[in-house]
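Here's the structure, in structure tokens; my notes come after.
The values are calculated or read from the model by the stated rules, or taken from the named source; none is laboratory data. These numbers were taken from a predicted model, which means no experiment stands behind them. A quick note on method: Cβ atoms are made from the backbone with ideal geometry, for glycine too, and the neighbour counts reach across all protein chains shown.
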Ligand SMILES: [Zn+2]
């Protein structure tokens, strides 16, 4: 059953519930796919075939015992390597955490396990989620399934490439400034950053605590909603968690109804700076929504102009503090500069050896921004901008039910293209960052292929805080119409990777792989 | 344990005070006795197996997040209220960033510019009965760090150690840091004011029931800031910060020493270095620690993993209603109920014995008896051991019940005073309860009147000259007879009864009342 992996998670759930397939078969099919193609894609840092198969077996037994199981029980999933997984290595794409095996599960991971989703393994990312290309992973980049010479987006390029290359129907990503949405855009997949506080951060290794949010990475809007429902909801272990039920995302995705909805086009997030083909697909997508019954309004969010600057003060500041704990004292890498080194010298040597350039760059930026005498000018000002952005969203949402823009200004670029120019890399997140600063939910859905390079472009939807269901209504409506126009999902047009790699790797490949550097 | 530090020059206290006005600042850390830590569910029991009370949160494992202990906040508010502070209607935690192996996250979750309570005061009573008002700047919440144990060095300090061990059981235990405003005008009484303030603070947090406030166990720790300014000046001098001064006696001594040291530096035309200093309990001196500089930048910023704290006015008022009687007022009430003189009460207060005596009286002892035993032999021995009475008593296992029991043995006529002192020696030596010690040592007044009469007859017969003197009215001569009778009775006679019997026998005075 070679097409098993090409089903949507929703279809897999149906087939499992009908006992047409077993979770064991499904999980094995994905492990085979990983063995076949991940040598080229490198979405996984660690594959846990044994653990996934054991979980699949358990679910199958429970199902045949007649137990009523959660909707996604038995559907395998990949998890970004930034989430703590008990008994499974968690490196955050960094050398400094090489070999660390957490003694506890992130709340989100606990929920995946409780809902019966076999965890296939841990997915590649830019080191500590700092980057837009996975080129900053200490273990080598992930490759875009559309063109292996190109970046899959970042930081969650592993998650997007994993679902985009059918190595899993579902993946967990995290989004601090666009790390779920931008990879989704450049790989032709779907990704949601829920409302801040909508999904527990307990066990998410923090980059910037006030911005980080975990969410679903999938191939369809409905699949994202199904996964969102599993991982969302209040967690007493996370003080910033919202104590309210998960918004009705699945229902909204199924109804795909945008009639009468006011779609706000953000003036500051279109036009100049956006690749022509990306902009063109965006404009067409808006037309599709109008056809579906939505109304278009133009809104202005003038403070968004300063979002990137504010973000690159707040994020490094929080990161410089969050990453201070990696000091070789209790876990992870330990480098001895000399036999009789003091604790302080070991800390310094370990951090020098264990962190990559981008991480060091941001730690230095943040340390500087928080320094006494500079705090008000940098961190303080950035917080004021953040407030203005929040206010801009509030007034925009008075005029529109959702806001839309292209997700990323460009399609996937080639490896190395932006590595020497951090600023142009940072600009990848120009349209996604405002949502993180304001805590509002956002989603990226495929809008088509850009004419000039034939690569996927993304359509971003933003909704008011806690109204995540609106993302799914708009995303599903657009998906429906675009799929109809294309005669099938966009990913059907992606290269088939299997032929390129099958046979290149033995079937033991999945078991032998670990987080070792490549 | 020889400390190899050089003693610095000091000048006599009186001379120092003649030229300079001391300015004090005290930072007291109080460990709350909540059942669980400030930001996780780990137990806070003192003395547990190292690293047995830890979890991903207090170990600062990647991904772990803090959740605020509501009880800790309530205790913080109650301390603030007891110190007459204003309670902030909205405040936040901040991160204090610095690297140290006993700090799991390499930042301490603390409060910075938004403390939960601020601007209060505490009136402390001094030995002469006067009152000094200590202005409180703030009382804020923070978490404790782990505890480092340096192995291989001579003094337990990191210098010279071959390696260090860290116990994270203490990491995350809730602390309240109480910071005074600069204390001026105390003059020569500055050391006494400092001690009295810390004692008063300890009494308050104990009365609130929010902390054990055991300085010997580190559940109350004191940093002493001292500076001097020339008399009549209006600008404070450079201060030193003496860390971890951990007994009332040491607080007083450290302040005194620093005044003498600063004065010597200033008098010789030097300038005081702004630095942290270590207090040496054994030698009674401070030594230079780390020089404070602009490089000490903790890069505070609001803790994004916690939400702001906004205690409602209702909560604050309901907590205010739970405040116990002010310890100073309570002391005045107890003094009159115990019938102590001002001097006696002050001794008791200064020795930190109010609670202990209260417990002893509650256990059935007379207030006079309770004071006699606690302020007497126990205090003398504590002093000899260089510690305070209460921790000393705890260390040798002496309790209020023991004193009450001893008193009972006297009033029931089983022991006389001399025997009671013997028994007390035994109790202090850890030989058991007073009854056990009396039994073991065979101490019991002779109750057999025949035996006493026999001994009296024998002694009178053997000392006809003395007997005649007594008969002739020289009553004081009876003392020699009493001593001999007591000897006959091997010390186990009731001296008063013996005296009465001798006088009755020789002068016809009534022998008993
Ligand atoms: Zn803990």
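Data for the structure
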| quantity | calculated |
| --- | --- |
| Answer residue from segment B:26-54, given it is surrounded by fewer than 17 Cβ atoms within 10 Å (Cβ to Cβ), within 12 Å of the ligand (Cβ to nearest atom) and free of Cβ contacts under 8 Å to residues at least 60 places away in the same chain and is nearest to residue A:326 (Cα to Cα) among those | B:41 |
| Qualifying residue in segment A:125-143 (condition: within 16 Å of residue A:52 (Cα to Cα) and either without any contact (Cβ under 8 Å) to a residue 12 or more places away in the chain or in contact with a helix residue (DSSP H, G or I) (Cβ under 9 Å, 6 or more places away or on another chain) (or both)) | no |
| Selection within segment B:50-80 - assigned to a loop (DSSP other than H, G, I, E, B), more than 10 Å from chain A (Cβ to nearest Cβ) and in contact with a helix residue (DSSP H, G or I) (Cβ under 6 Å, 6 or more places away or on another chain) | none |
| Selected residue (criterion: farthest from residue B:41 (Cα to Cα)) from residues of segment A:233-255 that are buried (at least 23 other Cβ atoms within 10 Å of the Cβ) and within 12 Å of chain B (Cβ to nearest Cβ) | A:241 |
| Counted residues, segment A:89-100 - those being more than 10 Å from chain B (Cβ to nearest Cβ), surrounded by fewer than 24 Cβ atoms within 10 Å (Cβ to Cβ), out of contact with any strand residue (DSSP E or B) (no Cβ under 6 Å at 6 or more places or on another chain) and outside any helix (DSSP H, G or I) | 2 |
| Segment A:4-23, subset surrounded by fewer than 20 Cβ atoms within 10 Å (Cβ to Cβ) and more than 25 Å from the chain's Cα centre (by Cα), residue nearest to residue A:115 (Cα to Cα) | A:17 |
| Some residue of segment A:159-181 being closer than 24 Å to residue A:16 by Cβ and within 14 Å of chain B (Cβ to nearest Cβ) | yes |
| Test: residue B:297 is free of Cβ contacts under 8 Å to residues at least 60 places away in the same chain and under 24 Å from residue B:114 (Cα atoms) | yes |
| Some residue of segment B:81-99 being within 14 Å of chain A (Cβ to nearest Cβ), touching a strand residue (DSSP E or B) at 6+ places or on another chain (Cβ under 7 Å), part of a loop (DSSP other than H, G, I, E, B) and within 16 Å of the ligand (Cβ to nearest atom) | no |
| Which listed residue is within 12 Å of chain A (Cβ to nearest Cβ), within 16 Å of the ligand (Cβ to nearest atom) and touching a strand residue (DSSP E or B) at 6+ places or on another chain (Cβ under 8 Å), from B:113, B:102 | B:102 |
| Count of residues meeting criterion [touching a residue at least 12 places away in the same chain (Cβ under 8 Å) and in a loop (DSSP other than H, G, I, E, B)] in segment A:418-430 | 3 |
| Test: residue in segment B:310-319 that is surrounded by 17 or more Cβ atoms within 10 Å (Cβ to Cβ), touching a residue at least 60 places away in the same chain (Cβ under 8 Å) and part of a loop (DSSP other than H, G, I, E, B) | yes |
| Which listed residue, of B:134, B:179, B:166, B:124, is closer than 21 Å to residue B:296 by Cα and either outside any loop (DSSP other than H, G, I, E, B) or modelled with pLDDT of 95 or more (or both) | B:179 |
| Condition check for residue A:172: within 19 Å of residue A:8 (Cα to Cα) and in contact (Cβ under 8 Å) with a residue 40 or more places away in the chain | yes |
| Test set (1) assigned to a loop (DSSP other than H, G, I, E, B); (2) within 14 Å of another protein chain (Cβ to nearest Cβ) - residue B:149 fails condition number | (1) |
| Hey, residue A:74 assigned to a loop (DSSP other than H, G, I, E, B) and within 14 Å of chain B (Cβ to nearest Cβ) or not | no |
| Residues of segment B:59-69 satisfying the condition of being touching a strand residue (DSSP E or B) at 6+ places or on another chain (Cβ under 8 Å) and near the ligand (Cβ under 10 Å from one of its atoms) | B:66 |
